[in-house]
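A.B. asks: Supplied in structure tokens, the structure appears directly below.
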Amino acid sequence: MSSKDYYNILGLQPEASDEQIKKSYRRLALKYHPDKNPGDIMAETVFLQIVEAYKILSDKKKREEYHYNTFYAYNYRLRETRVITPLSLLNDALILKKQIENANPFRINKDALLFQIEQILSRNNLILLEQEKQEMINNQIAETLLDAAKPLDYPGSKTVANKLLLIANGNSNLKNKIDLFLGGQKRNEKWNKYKPVIAIAFTILLCLIIYFASR
């Protein structure tokens, strides 16, 4: 993705120590490593982001340069190479949605999917979207991520919904879409919870029907 926040990727603050960076990297790399998630494109994408973040933050010189570029430098050259805009965030969301559409729905790594959505909706990116107030693009980002988030379970969906409500900014139409999404995800979770019980009950009923019909 273009809108990378290396500290956010590793779940750290900018003042994190070298030991904290290493510890967070090891934990996340172990979780998303391709060897533990064979054939899982979502997990592989997240793993590559984690490795990239670690390579930058574990190298003192690269980390200092990253700090300078991220927090201090505002020259023209930097704006050309590191600019993050609502449009670039929309592009990230569209790429993720396309990735989900092309994935096997039964093999989507929900943790990896939530991880990627949270990168797009990081604190800094949400502040940017609120400040820019580009309502049309904000709506497109929200609708795209709502589509991408459908494979998530209810707790993950609620996390995404709460973040998207921050950029709804009083837009009742968008808020309704978020509420409908969350309601649908909650119903799906209930259905998935009771589906095995219903299937067993149906099987027993069918067996009883066949039994009595054959007498």
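Each value in this text was obtained by applying a stated rule to the coordinates, not by laboratory testing. Keep in mind it's a predicted model, so treat the numbers as computed, not measured. All Cβ positions, even for glycine, are placed from backbone atoms using ideal geometry, and neighbour counts span all protein chains on display.
A.B. asks: Using only the alpha-carbon atoms, how far is helix 154-168 inclined from the longest principal axis of the chain? Give it as 0 to 90 degrees, nearest 10.
C.D. replies: 50
A.B. asks: Could you check the spin-label model distance between Lys61 and Phe212? Points 7 Å from the Cα along Cα→Cβ, value in nm.
C.D. replies: Computed distance between label sites Lys61 and Phe212 equals 8.2 nm.
A.B. asks: May I ask you to list the lysines whose Cα is less than 21 Å away from that of Lys150, ignoring any residue fewer than eight positions away on the same chain?
C.D. replies: Result set, ordered by chain and number: Lys97, Lys98, Lys110, Lys158, Lys163, Lys175, Lys177, Lys186, Lys190, Lys193, Lys195.
A.B. asks: Reachable lysines from Lys62, Cα under 18 Å, same-chain residues fewer than 8 places away excluded?
C.D. replies: Straight-line reach from Lys62, under 18 Å: Lys4, Lys22.
A.B. asks: Kindly rank 57-69, 176-188 from highest to lowest mean number of other beta carbons found within 10 Å of each residue. List each step's numbers first, then the result.
C.D. replies: On the way: 57-69: 13.8, 176-188: 15.4.
Per-residue mean Cβ counts within 10 Å order the peptides as 176-188, 57-69.
A.B. asks: Sticking with this structure for a sec: Would you mind putting 90-98, 147-155 in packing order, based on average other-beta-carbon counts within 10 Å, highest first? Don't skip to the answer; put the middle values down first.
C.D. replies: Numbers: 90-98: 19.1, 147-155: 17.6.
Highest-to-lowest ranking by the protection proxy: 90-98, 147-155.
A.B. asks: Counting Lys and Arg as +1 and Asp and Glu as -1, each charge on the Cβ, what is the dipole of region 1-150 about the Cα centre in debye, to the nearest 20? Write down the numbers at each step before the final one.
C.D. replies: On the way: 22 positive and 21 negative charges, 85 e Å.
Approximately 400 debye in magnitude.
A.B. asks: A further question follows. So what is the 222 nm mean residue ellipticity for the chain from helices alone, if each DSSP H run of at least 4 adds -39500 (n - 2.57) and you divide by all residues, rounding to the nearest 500 deg cm²/dmol?
C.D. replies: On the way: 11 runs with 159 residues, N = 215.
-24000 deg cm²/dmol, from helical runs alone.
A.B. asks: While we're on this one: Just the Cα atoms of the chain: what Rg and Dmax do they give in Å?
C.D. replies: Rg then Dmax for the chain, in Å: 21.6, 87.
A.B. asks: Using the per-residue mean of other Cβ atoms lying within 10 Å as a proxy for protection, in what order, highest first, do the peptides 37-46, 201-210, 122-131 fall? Each step should come with its number before you reach the end.
C.D. replies: Numbers: 37-46: 18.1, 201-210: 10.0, 122-131: 15.8.
Packing order, densest peptide first, comes out as 37-46, 122-131, 201-210.
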